[in-house]
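The values are calculated or read from the model by the stated rules, or taken from the named source; none is laboratory data. Model, not experiment: these values are computed from the prediction. When we count neighbours, we look across all protein chains shown, and the Cβ atoms used for this are built from the backbone with ideal geometry, even at glycine.
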Amino acid sequence: MSRSTISTFKLFQMFPDEESARTYLESRLWPKGVTCPTCAGQDRITPRKAGFHRCNKCQLDFTIRTGTIFERSHIPLHKWLYAMYLLVTARKGISSMQIAKEIGVQQKSAWFMLHRLREACGGELAKLQGVVEVDEAFFGGKEANKHEHKKLNAGRGSVGKTAVVGLRERGGRVIAHPVANTDKEALQGAIMEHVEVGSQLMTDEASGYSGIGGLFFDHDTVAHSAGEYSRGDVNTNSIESVWAVMKRGMYGVYHHASPKHLHRYVDEFTFRLNEGDVKRHTLDRLDSFIDAVDGKRLTYARLIQ
C-alpha cells in the first residue's frame, strides 16, 4: 500500500467510536481551544457532559457539531468521518446506497448525509492564474432515453441538459459551476470572475469566448470542429480530463442529478480534484475536508425546497 494512503482498517483503529472522533474534530476545528460558534469567545466557556459546553456570555449550549454540517444529525461522528474518508478517496464518487451499506444507516439518511458533505465542498476559491483552460460540458439524460412525455422534441446534443462551465489552472486548481446558458455573457462572466487579469486563456472556438482576449487576457484557441485538439502548448486537455472523470462519476455512480442539486455534485468533484490529490496523505485530505465543514450547515427543509 502507498505510504500516502491509509486503509479503512487503519481508519477504524484510529476512530473506533464517537468519543475518539469528537476529540479529533475538536482538535481540527478548535485548534486554540473550545470556541463559541456564536460570539467566537473562548474565555467564558464552561465544560459540560458528553462534549457539551456552555458559553456564559451568550448563554448558548453547544458541541463541536453546532454550526457545521453535522448539526442536529443523529449519526455518530465516527460514521461521519468514515463517510468523509470514502467521499474524498473515491475518485468517481460513492452512491448513497453504498454509503448506507458501509456505515449501517438507511439510504435516505445516507442521501441527506452526502448532500451535507457536498455542501462543505463548496466555497469561494482564489482566482486562477497563469495558463487557464476553459471549457463547458452538459449534464442530463439523453433525449432518446427519456419517456415520450418527458421529451422536449427540440433536437439532440445539449437539449434538456444543464450547462456547466469549468476552468482549470494548468497544473493546478479547478473551478466549475452550472450556468443558465453558454452565451458570451455567461462564459466571459465566469472568466472575469474566476481568472486573474493577465492570465493566458486556452479555449475551443466556441463563439461565447470570442473577444475575451486583448485588453485583459492572452487568448489562444483550438479548432475542435476542424479536428484540431492540440497545437504545441495550446490545448484544453486538462479541463477535458475533468469532464471525463465527472461524467464517469455522474453517469456510472450517481446515474442522475437534477438541475436543482447539480451544483453540489459539481462542488464534490472539484473539491476532490483540488484537495484529493493522491500524492497527499489520506489524513491530509481528510483534514482539508474537516476544515471545510464549519459554517456550512444544510437543513433538510432547505435541501428539498
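In table form, for the structure just shown:
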quantity: Meets criteria (buried (at least 17 other Cβ atoms within 10 Å of the Cβ) and in contact with a strand residue (DSSP E or B) (Cβ under 9 Å, 6 or more places away or on another chain)) for residue 35; calculated: yes
quantity: Single residue of the range 1-10 satisfying the filter (in contact with a Ser or Thr (Cβ under 8 Å, 6 or more places away or on another chain) and not β-branched (Val, Ile, Thr)) that is surrounded by the most Cβ atoms within 10 Å (Cβ to Cβ); calculated: 4
quantity: Top-ranked residue of the range 65-94 - restricted to ones that are over 17 Å from the mean Cα position of the chain (by Cα) and charged (D, E, K, R), ranked as surrounded by the fewest Cβ atoms within 10 Å (Cβ to Cβ); calculated: 72
quantity: Residue in the range 104-129 that is nearest to the chain's Cα centre (by Cα), counting only those that are under 20 Å from residue 287 (Cβ atoms) and surrounded by fewer than 19 Cβ atoms within 10 Å (Cβ to Cβ); calculated: 122
quantity: Qualifying positions in the range 261-287 - farther than 16 Å from residue 139 by Cβ, of a type in the set (Lys, Arg) and within 8 Å of the chain's Cα centre (by Cα); calculated: 272
quantity: Helices (runs of 4 or more DSSP H) completely within the range 251-305 that count 3 or more residues being of a type in the set (A, V, I, L, M) and within 25 Å of residue 167 (Cβ to Cβ); calculated: 262-275
quantity: Residue check, residue 228 modelled with pLDDT of 95 or more and farther than 24 Å from residue 264 by Cβ; calculated: no
